[in-house]
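The values are calculated or read from the model by the stated rules, or taken from the named source; none is laboratory data. If you're wondering where the values come from, they're calculated on a predicted model, not measured in any experiment. Every residue, glycine as well, gets a Cβ built from its backbone with ideal geometry; the counts of neighbours run over all protein chains shown.
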Amino acid sequence: MSLIKSISGFRGTIGGVAGSNLTPQDIVECTAAFGYLLQQQGATPKVVIGRDARISGQMVSQLVSATLNGLGIDVIDLGLSTTPTVEVAVPGLGAGAGIIITASHNPKEWNALKFLNSKGEYIAKSDGERLLELLSEGAIRYADVMDLGTYEMQDGWIDKHIDLILGMDTVDAEVIRKRSFKVVVDPVNSTGALAVPALLERLGCETIVINETPNGEFAHNPEPLPHHLKDLSNKVRETGADLGISVDPDVDRLALVSEDGEMFGEEYTLVAVADYLLQRTPGNTVSNLSSTRALRDVTERYGGTYYASAVGEVNVVEKMKEVDAVIGGEGNGGIIFPGLHYGRDALVGIALILTHLAKTGKSMSELRADYPDYQMVKDKIESPEGIDLDVILDQMHQKYHTEDCNTVDGLKIDFPDSWVHLRRSNTEPIIRIYAEAPTMERAKELVLRIKTDLDLVLSGATAIS
């Protein structure tokens, strides 16, 4: 059981002991600290909330709403929704902030509170740090009885979100409809079942949905990784579909399956979208340090400049604004298209991918063959309690100091034709180890080499040679 409090929000397993897990007491305290922060900042006293289909979602939502009302803050509840839908609804409703109740790709035992500012973007690092201070101080004043906030349920925002997507000039609904795509969708028993088929229907696609009941009883591990999506791949082959679509429980990550049942590669979702957009509007791109080099290659093909940010959506968005990026995102299938909003959005990604596919006349496998072929391994180790990870990474840096190293976020070591990135997870008590190379064998060898070095350090060695 676990509870993680960070500038990215509050995430934990439901039940157990207060202060060690995400219990009702912790939910109230965390929500109260965020509401009090908004009041200190003079924000509009209105918060939009929405949730994925997790079993604990309704319970958490009720606690969040009541706490905000107790502070004198009005609540507009979108109910079962998606993360990007809440993000577009916050400015659309003129709210001062948003709270998304979702643990994203974590298993069903988990839930979380993710905080948005008035633009519908994740709160800045400084706001997150102040939020943690307020939580530790505990000096929060609630409203008097005549000043309590109001509560309102509001339906229809998924449809409004889809309307906004179809209204973008980068989405050609007509050319998509002419292709009459057959698509298999795996929304992993969450709110993607409400949003993705609705979007595809508007685009004239024949849709087959598996794991379609949004009850939070995830049919498989909800992280959209290849070994979790075998049923989707098989269904694509069985039905002769043009492609398969997988989203995570809150619909901000998009993974694709080609018509032959092979994974398109979650890293290549962003690459394909960038390829399409850069043909129309050449410019800069951004992804995080753990994302594929293929985005850099495609960007430079069209005369743009690629930039890398620290891992985390807020960091990617900050860099995108700084360099005026045309497109950005994360290699986990997260597409951030500033033409609509600065947030990862699987629905936007679907519409742009289908437009690209329809305009080229290619199959998914043919489209994938257009891009540089890198192989990535995403591994992890448990983060030992009481270990100073900064010291560990410093020793790793010393060992590889002759290579091109980046310490903006953990340690990334760039070799001539490959790289490895080690960093502490923002959402789980683990150390992530990502590596990319021209072949899977070399990527695996690189990860094994790094894990061996880490074992030496963690076992008590003061240095490695």
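Just give me the residues in region 53-69 being under 25 Å from the mean Cα position of the chain (by Cα), more than 20 Å from Gly92 (Cα to Cα) and either in a helix (DSSP H, G or I) or among the acidic types (Asp, Glu) (or both), in sequence order.
Gly57, Gln58, Met59, Val60, Ser61, Gln62, Leu63, Val64
Please specify each residue of region 395-414 satisfying the condition of being loosely packed, with under 14 Cβ neighbours inside 10 Å and farther than 15 Å from Ala310 by Cα.
Hits for region 395-414 are Gln398, His401, Thr402, Asp404.
Given the criterion farther than 26 Å from Val311 by Cβ and part of a loop (DSSP other than H, G, I, E, B), identify the matching residue among Gly16, Gly35.
Gly16
What number of residues within region 395-426 satisfy the criterion of being of a type in the set (Lys, Arg) and not in a strand (DSSP E or B)?
Of the residues in that region, 1 qualify.
Tally the residues that are of a type in the set (Asp, Glu) and part of a strand (DSSP E or B), restricting the search to region 297-347.
1
For region 98-157, give me each residue that is of a type in the set (S, T, N, Q), within 17 Å of Gly35 (Cβ to Cβ) and in contact with a strand residue (DSSP E or B) (Cβ under 8 Å, 6 or more places away or on another chain).
Within region 98-157, Asn117, Ser118, Thr150 qualify.
To keep it simple, each residue is scored yes or no on (1) free of Cβ contacts under 8 Å to residues at least 60 places away in the same chain; (2) more than 14 Å from Val48 (Cα to Cα); (3) aromatic (Phe, Trp, Tyr).
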site	(1), (2), (3)
Ala97	no, no, no
Ile101	yes, no, no
Ser104	no, yes, no
Trp110	no, yes, yes
Phe115	no, no, yes
Gly120	no, no, no
Lys125	no, yes, no
Leu131	no, yes, no
Ser136	yes, yes, no
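List the number of the failed condition for Gly98; all other conditions in (1) in a helix (DSSP H, G or I); (2) under 23 Å from Ala143 (Cα atoms) hold.
(1)
So which of Gly79, Gly72, Gly42, Gly16 ends up being modelled with pLDDT under 95 and at positive phi?
Just one listed residue meets the conditions, Gly16.
Does region 68-87 contain any residue that is farther than 29 Å from Thr213 by Cβ and without any contact (Cβ under 8 Å) to a residue 60 or more places away in the chain?
Looking for residues that are farther than 29 Å from Thr213 by Cβ and without any contact (Cβ under 8 Å) to a residue 60 or more places away in the chain, one finds none in region 68-87, hence no.
Any residue at all in region 212-220 that is of a type in the set (S, T, N, Q) and more than 27 Å from Trp157 (Cβ to Cβ)?
no
Every residue in region 237-275 that is in contact (Cβ under 8 Å) with a residue 12 or more places away in the chain and surrounded by fewer than 20 Cβ atoms within 10 Å (Cβ to Cβ), please.
Arg237, Thr239, Gly240, Glu259, Asp260, Gly261, Glu262
Residue under question is Lys380, and the condition is that it be under 20 Å from Ala437 (Cα atoms) and either touching a residue at least 40 places away in the same chain (Cβ under 8 Å) or out of contact with any Gly (no Cβ under 8 Å at 6 or more places or on another chain) (or both); does it hold?
Against the criterion (under 20 Å from Ala437 (Cα atoms) and either touching a residue at least 40 places away in the same chain (Cβ under 8 Å) or out of contact with any Gly (no Cβ under 8 Å at 6 or more places or on another chain) (or both)), Lys380 qualifies.
For residues that are hydrophobic (A, V, I, L, M, F, W, C) and either surrounded by 24 or more Cβ atoms within 10 Å (Cβ to Cβ) or without any contact (Cβ under 8 Å) to a residue 60 or more places away in the chain (or both), tally how many sit in region 354-374.
2
Among the candidates Leu367, Leu389, single out the residue that is modelled with pLDDT of 95 or more and on the phi < 0 side of the Ramachandran plot.
Unique residue meeting the criteria: Leu367.
Considering only region 216-257, state which residues are polar (S, T, N, Q) and either within 18 Å of the chain's Cα centre (by Cα) or within 19 Å of Leu194 (Cβ to Cβ) (or both).
Selection gives Asn221, Ser246.
If a residue has to be in contact (Cβ under 8 Å) with a residue 24 or more places away in the chain and part of a helix (DSSP H, G or I) to count, how many in region 19-32 make the cut?
7
Take region 368-394 and flag every residue that is over 30 Å from Glu259 (Cα atoms) and not in a strand (DSSP E or B).
Selection gives Ser383, Pro384, Glu385, Gly386, Ile387, Asp388, Leu389, Asp390, Val391, Ile392, Leu393, Asp394.
Are there any strands (runs of 3 or more DSSP E) wholly within region 227-294 with 3 or more residues that are within 17 Å of Ile336 (Cα to Cα) and in the same structural domain as Arg177 (by TED's automatic domain parsing), and if so which?
It comes to 254-257, 284-288.
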